[in-house]
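Worksheet for the structure shown next.
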Ligand SMILES: *[C@@H]1O[C@H](CO)[C@@H](O)[C@H](O)[C@H]1NC(C)=O
Ligand SMILES: *[C@@H]1O[C@H](CO)[C@@H](O)[C@H](O)[C@H]1NC(C)=O
Ligand SMILES: [Cu+2]
């Protein structure tokens, strides 16, 4: 049963990693996108991957979500924005790795805290990634697949769904 358990753990880890590969982040959590919050603190316990989504919640027209480069972020300048929205519900899907910078372009708001920098890594489940060591995928996939069969037969997929 030891190898079965090991395979099941591998499957759990793999399925949780896949689930984590596309996370929707509610920026600022219940506080939304507003002045007076520290979004650096908000990001500090989170990791962001390609495919994840940021949802900015704020009063329409009262703020903007303006994607800028590092210069714009550092200077609180939206003059060379990459994208801009003030709809009140801005959804940004993080499609490329690297650091993505967002500010509010209403005068004074960026200086008042409305600046967000997220470091985006290649997702573990991404098909575009190059970070999986050669051999690792092939080595783990076969026991994971056989574990699916065994786990299904054992009726173990219900607790599996609850695990994540
Ligand atoms: C957005 O913010 C408003 C006002 O703060 C709040 O009532 C609402 O629940 C928030 N929506 C989401 C999806 O967080
Ligand atoms: C940001 O964009 C501006 C305008 O295109 C450019 O002059 C500046 O060098 C860029 N900064 C960075 C860090 O890429
Ligand atoms: Cu604002």
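Since every read-out is calculated from the coordinates, none of them should be taken as a lab result. All of these numbers come straight from a predicted model, not from anything done at the bench. Positions of Cβ are generated from backbone atoms using ideal geometry, with glycine treated the same way; all protein chains shown enter the neighbour counts.
The mean sequence separation of alpha-carbon pairs under 8 Å and at least six residues apart, normalised by the residue count of the range 23-125, gives a relative contact order of 34 percent. Return the tail of the calculated pair distribution for the range 23-125, meaning the percent of Cα-Cα pairs more than 25 Å apart. Value for the range 23-125 (Cα pairs over 25 Å): 10 percent. Placing a label point 7 Å from the Cα of residue 107 along the Cα-to-Cβ line, no residue of the range 73-93 has its backbone N under 12 Å from it. Here each label is just a point 7 Å from Cα along the line to Cβ, and for residue 122 and residue 91 those points are 2.7 nm apart.
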